[in-house]
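The values are calculated or read from the model by the stated rules, or taken from the named source; none is laboratory data. Since we're looking at a predicted model, the values are computed, not measured. Cβ placement follows ideal geometry from the backbone for every residue including glycine, while neighbour counts extend to all protein chains displayed. Heads up: the accessible areas ignore ligands, DNA and RNA and are worked out on the full protein's heavy atoms, side chains in. Shrake-Rupley method; radii C 1.70, N 1.55, O 1.52, S 1.80 Å.
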Amino acid sequence: EEATGLPPLLLIHGLAQTAWSWAPVARRLRAATRVLAVDLRGHGLSEAPPSGYDLESLAYDLLTVLVAHGFGPDAGGPPAVLAGHGFGAQVAAWTARVQPAAVAGLALVDGGWEELEATTRMDAAEFLRGLAEPPEVLRSMDAYLADRRDWDEASWDADQERAARAAVDEKHTGRVAPAVRRHALAASVRTMFGYHPEAALAEVR
């Protein structure tokens, strides 16, 4: 960031994903500025405490990451641009609300500006049920990867495969299971459906 004058960039993944989902973006932008990608609590390699999946707690998690890397006013460093996808966009917006001086800008990708109940026409419980994978998809890593590749085979590459692998755990039986902890997923979905963009964004510069 010293060479370009650009603010650092913090990348926040979506529901049931990990920091690896941002790998293509991080690779392309790391030559321009300092790029950080996080696993939200309960996701990826982060701890999965029994509580703390509300936006306020998740925002303070992100602010802690920024301070640990020398960014934001509490560290005496520059503010960061926060880029969030889906649920991560909600967390990014809320972080800007909690500590606006730590945030130089927001990029909200596929989330952060809408009320999910209105746009999905589902409540949190229905949405959570819809996230369950069919048993045949979870029978093996090969089956899981084939399912993900078939969504858009033309764009499938090593980055997408690495992100897909990071989102599941391979069991000793060969089956796979979502890596996000069940209680964390349920709590995160409740938080997503409780998000009100006007409350978050009205206070963001």
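Cα gyration tensor of the stretch 1-110, axes a ≥ b ≥ c as square roots of the eigenvalues: rounded (a/c below 1.5), prolate (a/b > b/c) or oblate? Don't skip to the end; give the middle numbers.
On the way: a/c = 1.72, a/b = 1.27, b/c = 1.35.
It comes out oblate by the Cα gyration axes.
Once you have a ≥ b ≥ c as the square roots of the Cα gyration tensor eigenvalues for the stretch 102-155, tell me rounded if a/c is under 1.5, and otherwise prolate or oblate according to whether a/b is larger than b/c.
oblate
Please sort through the DSSP H helices of the chain and keep those with an alpha-carbon extent of at least 18 Å along the long axis and a Kyte-Doolittle average not below 0.0.
Details: long enough: 55-68 (20 Å, 1.51).
Helices passing the filter in the chain: 55-68.
Based on C-alpha coordinates, I'd like the Rg and Dmax of the chain, in Å.
For the chain, the Cα radius of gyration and maximum Cα-Cα distance read 17.3, 51 Å.
Report the full-extension gain for the segment Arg27 to Asp54: residue separation times 0.36 nm, less the Cα-Cα distance, to one decimal in nm.
Here the answer is 6.7 nm.
Direction-averaged shadow area of the convex hull around the Cα atoms of the stretch 139-196, nm²? All intermediate terms of the calculation are to be shown ahead of the outcome.
Numbers: hull surface 21.2 nm².
Here the figure is 5.3 nm², rounded to one decimal.
Go through 51-57, 127-133, 110-116 and give me the packing order, highest mean Cβ count within 10 Å leading. Intermediate results must be reported in sequence, preceding the final value.
Working: 51-57: 16.0, 127-133: 12.9, 110-116: 17.7.
My ranking of the peptides, most packed first, is 110-116, 51-57, 127-133.
With a/c under 1.5 counting as rounded, go ahead and sort the stretch 96-205 into rounded, prolate or oblate using the C-alpha gyration tensor (a ≥ b ≥ c being the square roots of the eigenvalues; past the cut-off, prolate if a/b is larger than b/c, else oblate).
On the way: a/c = 2.27, a/b = 1.75, b/c = 1.29.
Prolate shape, in that a/c is at least 1.5 and a/b is the bigger ratio.
Quick one: length gained pulling Asp74 to Leu131 fully straight, 0.36 nm per residue minus the C-alpha distance?
16.7 nm
Sort 197-205, 60-68 for me by packing, meaning the mean count of neighbouring Cβ atoms within 10 Å per residue, highest on top. Please report the intermediate quantities before stating the final value.
Values: 197-205: 13.7, 60-68: 18.6.
Order by mean packing, descending: 60-68, 197-205.
Ignoring ligands, DNA and RNA, please state the percent of accessible area on the chain from carbon and sulfur, probe 1.4 Å. Can you show the working numbers first?
Details: 5720 of 10690 Å².
The value for the chain is 54 percent carbon and sulfur by accessible area.
With a 1.4 Å probe and every protein chain left in place, work out the accessible area per residue of the chain in Å², rounded to a whole number.
Working: 10690 Å² over 205 residues.
Accessible area per residue, the chain: 52 Å².
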